[in-house]
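The structure under discussion appears below in the form of structure tokens.
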Amino acid sequence: MTAASLRPMTMDLPEWRRCGRFLLLAAALHGGVLAYPLHLASDPAEPPPLLVKLAAPAEPKPLPVVEPLPKPLPVQPAVKPEKPAPRPARAEPPPRPLLAMPAEAPAAGPVVAVAPPAPPAAPVEAPARASPVAAAPGPLSPARFDDAYLQNPEPRYPPLSRRLGEEGKVLLRVRVTPEGTVAAVDLEKSSNFERLDAAARQAVARWRFVPARRGDEAIEGLVIVPVVFRLES
């Protein structure tokens, strides 16, 4: 250290007094500052007053309008429909009698029947030989097929026609020889089913007939043969 720094500090008296005044003033100011917070701390701070606001009463909401329930409609009794008057039962015409051919037929199933012969047609008479004396003509009788002794078989019902439910009536025009055999079979009226027509013609072509007669003489004649095909349940 230098000699200057070690030299004792000297101050004149008037300057020291001035410094002391400043020191006293500073101390007084510091003491007032320190005393003010203590004074403030000794008095408790009053809490801020609470503000209570009265809310305006809410406007009352309008009550919902309740509509009255509709009155139930009166229940009308159901009108029962009037039952129609029953129709009178229709009388069915009685079945026409059929002349079945003599043969052993099953108890149930298709029926093939031959109706009674139609009125006889005029027999075809072969030209008579010239004779010196003309004999008086005798009574004329037509050819027949309904005698029991002839034992003519019934027409066979076609199986396909049975499955298809085909029914009908066939009329055949048969030319009969004086010997009672069949010379020709023609279709007079169809049953509208070819199978039934063919079955009837095939069966009748093998039949035997009672020939037509003029008096005691057998002659050629025509006869109508009806054949009925009918399914029975």
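What's the total number of residues in segment 150-178 that are touching a residue at least 60 places away in the same chain (Cβ under 8 Å), more than 37 Å from the chain's Cα centre (by Cα) and part of a strand (DSSP E or B)?
Residues that pass the stated criteria total 1.
Taking only pairs six or more apart or across chains, which ones have beta-carbon atoms under 6 Å, a first residue in segment 179-191 that is within 15 Å of L222 (Cβ to Cβ), and a second residue that is among the basic types (K, R)?
G180/R208; A183/R175; A184/R175; V185/R201; D186/R173; E188/R173
If you check D216, D197, which single one turns out to be buried (at least 19 other Cβ atoms within 10 Å of the Cβ), among the charged types (D, E, K, R) and out of contact with any Lys or Arg (no Cβ under 8 Å at 6 or more places or on another chain)?
The unique qualifying residue is D197.
Exactly one condition in (1) under 15 Å from R230 (Cα atoms); (2) touching a strand residue (DSSP E or B) at 6+ places or on another chain (Cβ under 9 Å); (3) loosely packed, with under 14 Cβ neighbours inside 10 Å is not met by E179; state its number.
Status for E179: all satisfied but (1).
What are the residues in segment 140-160 that are in contact with a Pro (Cβ under 8 Å, 6 or more places away or on another chain) and over 21 Å from P211 (Cβ atoms), if any?
Y157 - this is the single residue of segment 140-160 that is in contact with a Pro (Cβ under 8 Å, 6 or more places away or on another chain) and over 21 Å from P211 (Cβ atoms).
If L160 satisfies all but one of (1) hydrophobic (A, V, I, L, M, F, W, C); (2) at pLDDT 95 or above; (3) surrounded by 11 or more Cβ atoms within 10 Å (Cβ to Cβ), what's the number of the condition it fails?
L160 satisfies all of (1) hydrophobic (A, V, I, L, M, F, W, C); (2) at pLDDT 95 or above; (3) surrounded by 11 or more Cβ atoms within 10 Å (Cβ to Cβ) except (3).
In segment 190-233, which residue that is modelled with pLDDT of 95 or more and of a type in the set (S, T, Y) is farthest from E166 (Cα to Cα)?
S190
The values are calculated or read from the model by the stated rules, or taken from the named source; none is laboratory data. Owing to the predicted nature of the structure, the values given are computational and were not obtained by experimental measurement. Reconstructed Cβ throughout: ideal geometry from the backbone, glycine too, with neighbour counts over all protein chains shown.
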